[in-house]
Each structure stands twice: as C-alpha cells, then as structure tokens.
Amino acid sequence: MLLLALDTATPAVTVALHDGDDVIASSSQVDARRHGELLLPAIDRVLADAGRGLDAVTGIVVGIGPGPYTGLRVGLMTADTFGLALGVPVHGVCTLDGLAHAAAVEGPFVVATDARRKEVYWARYADPRTRVTEPAVDRPADIADQVRDLPAVGAGALLYPETFPRAHAPEHVSAAALARLAAERLAAGAELPEPRPLYLRRPDAQVPKNYKVVTPK
C-alpha cells in the first residue's frame, strides 16, 4: 500500500505519503489564497522526500471538507485527476475527522474550522475516531449552549473563544492525520466516503441577480 493523501479544505495545503505502516513523508503550508499554486509542488516534494515515484501510488486520499468552495475543489479535482491517470481508487475523508484524529483529547470534544462569514464548520466527537454528529455550518453564538463546556480544536474554535473557551491546537488539518485515519479504516475493511465535496452552503461567488445577457445583433 502507498497512499497519497492531500487536503485543501482549510488554509493549509497539506500532503502526505503513507506506506501502510506509517507516514513516510509530509508537507504542510498555510496560505488560504494559493492552494492551486502550492499543491502540485508539495506533492512533488513529498514524493521526492520519500524516494518514491507517482507510479508507485496505490490509492489517493482526499479531504472532502466541509470547506470553502474555491479551496476545496482544488484538492478534489487534483485527487480525481491523479486517480484517473494512475488507475487507482480515490478515497474521501471528512476534513473534520482528520483534525479529530490528530487531537490529543480524551472523551467528548468538538472540531470547528473557519467557514468565513462569521460562521464555523463543526461536528461533535466521542473520541478521536468517532464522530457523533453530521458536519454543520453555523454562527458560533447559535451553538454556544451545545459546545461551550467541551474541549475544542481547529481554527474556527480558536477564532471564537467566547463560544469555545476550551479551544486549543491543532489549528488546521494535516494530510498525515488523514492518511493514518484512512489507512486504519481501510485495513479494518471499512468503506470510505466518495470523494465528493461537503460544501454545506452555496459558493461565495454567484451570478448577480437581474443579470442582463448581451447577444450580438
């Protein structure tokens, strides 16, 4: 097994390579505006660090969000393209699950990432491997009664300490955590989600209302 994992659902552009036993190379850069520019060089760098060629990859793991439309689609389109070119399966993993897997938290806790528009993407977990609610997008004040007493991880939790007073690192997801979680679930025979995006809301960019179509005479 050689899994290439990547995620662009948060400001982190993160890539890792997992050989079936553990992560053998990884890279993470935080830049919310350069996902498309940074992802492919990061993949090349991780493969070079591991001394492996792209043709040795047996599966792709990609974070499916939730996340903003523009960043999220970069990772998903890249994963789909590599999967088709290499003829290997592409496995989806919820980005929040990757953050939870990396969290050193015992017992119930919350993962929350920044959804912009003064909102967070979030879910509750029983432990680092078990999500107990579906991913959602909400204003922090609207969920404060549900999450205030729980530990929390993620950039969204750190942004709103009045709602998440027990927030701490990790801030962003790492592809290393995604790869470890995917490898664990695959080894157990679990079925991973399809590599389809969890947007949870409409994209920021929309066609203006009352748009006037101009056609040549």
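Quick notes on this one:
- Among the residues listed as Arg124, Arg73, the single one being touching a strand residue (DSSP E or B) at 6+ places or on another chain (Cβ under 7 Å), open to solvent by 30 Å² or more (accessible area, probe 1.4 Å) and either more than 23 Å from Met1 (Cα to Cα) or modelled with pLDDT of 95 or more (or both): Arg124
- Residues satisfying the stated conditions in the stretch 52-80, i.e. among the hydroxyl-bearing types (Ser, Thr, Tyr) and over 18 Å from the mean Cα position of the chain (by Cα): Thr58
- A count restricted to the stretch 88-121 and to residues that are in contact with a Gly (Cβ under 6 Å, 6 or more places away or on another chain), open to solvent by 10 Å² or more (accessible area, probe 1.4 Å) and aliphatic (A, V, I, L, M) stands at 2.
- Filter result (touching a strand residue (DSSP E or B) at 6+ places or on another chain (Cβ under 7 Å) and open to solvent by 10 Å² or more (accessible area, probe 1.4 Å)) within the stretch 77-87: Thr78, Asp80, Phe82
- Which numbered condition Thr133 fails, given (1) open to solvent by 70 Å² or more (accessible area, probe 1.4 Å); (2) modelled with pLDDT of 95 or more; (3) of a type outside the set (Asp, Glu); (4) assigned to a loop (DSSP other than H, G, I, E, B): (1)
- Verdict on Gly65 being out of contact with any His (no Cβ under 8 Å at 6 or more places or on another chain), surrounded by fewer than 16 Cβ atoms within 10 Å (Cβ to Cβ) and on the phi > 0 side of the Ramachandran plot: no
- Pairs, first in the same structural domain as Leu178 (by the TED database) and hydroxyl-bearing (Ser, Thr, Tyr) in the stretch 99-111, second assigned to a loop (DSSP other than H, G, I, E, B) and open to solvent by 10 Å² or more (accessible area, probe 1.4 Å), C-beta under 7 Å, six or more apart: none
Rundown of residues vs (1) in contact with a Pro (Cβ under 7 Å, 6 or more places away or on another chain); (2) assigned to a strand (DSSP E or B), yes/no style:
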{"site": "Ser28", "(1), (2)": "no, yes"}
{"site": "Gly36", "(1), (2)": "no, no"}
{"site": "Leu39", "(1), (2)": "no, no"}
{"site": "Asp44", "(1), (2)": "no, no"}
{"site": "Asp49", "(1), (2)": "no, no"}
{"site": "Arg52", "(1), (2)": "no, no"}
{"site": "Asp55", "(1), (2)": "no, no"}
{"site": "Val62", "(1), (2)": "yes, yes"}
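- Residue in the stretch 155-166 that is closer than 23 Å to Leu192 by Cβ, crowded, with 19+ Cβ neighbours inside 10 Å and under 19 Å from the mean Cα position of the chain (by Cα) present: no
The values are calculated or read from the model by the stated rules, or taken from the named source; none is laboratory data. Just so we're clear, the structure is a prediction, and the values are computed from it rather than from any experiment. Cβ coordinates were reconstructed from backbone atoms using ideal geometry, including for glycine residues, and neighbour counts include every protein chain displayed. Each accessible area value is taken on the protein alone, full model and side chains, heavy atoms only, with ligands, DNA and RNA left out. Shrake-Rupley method; radii C 1.70, N 1.55, O 1.52, S 1.80 Å.
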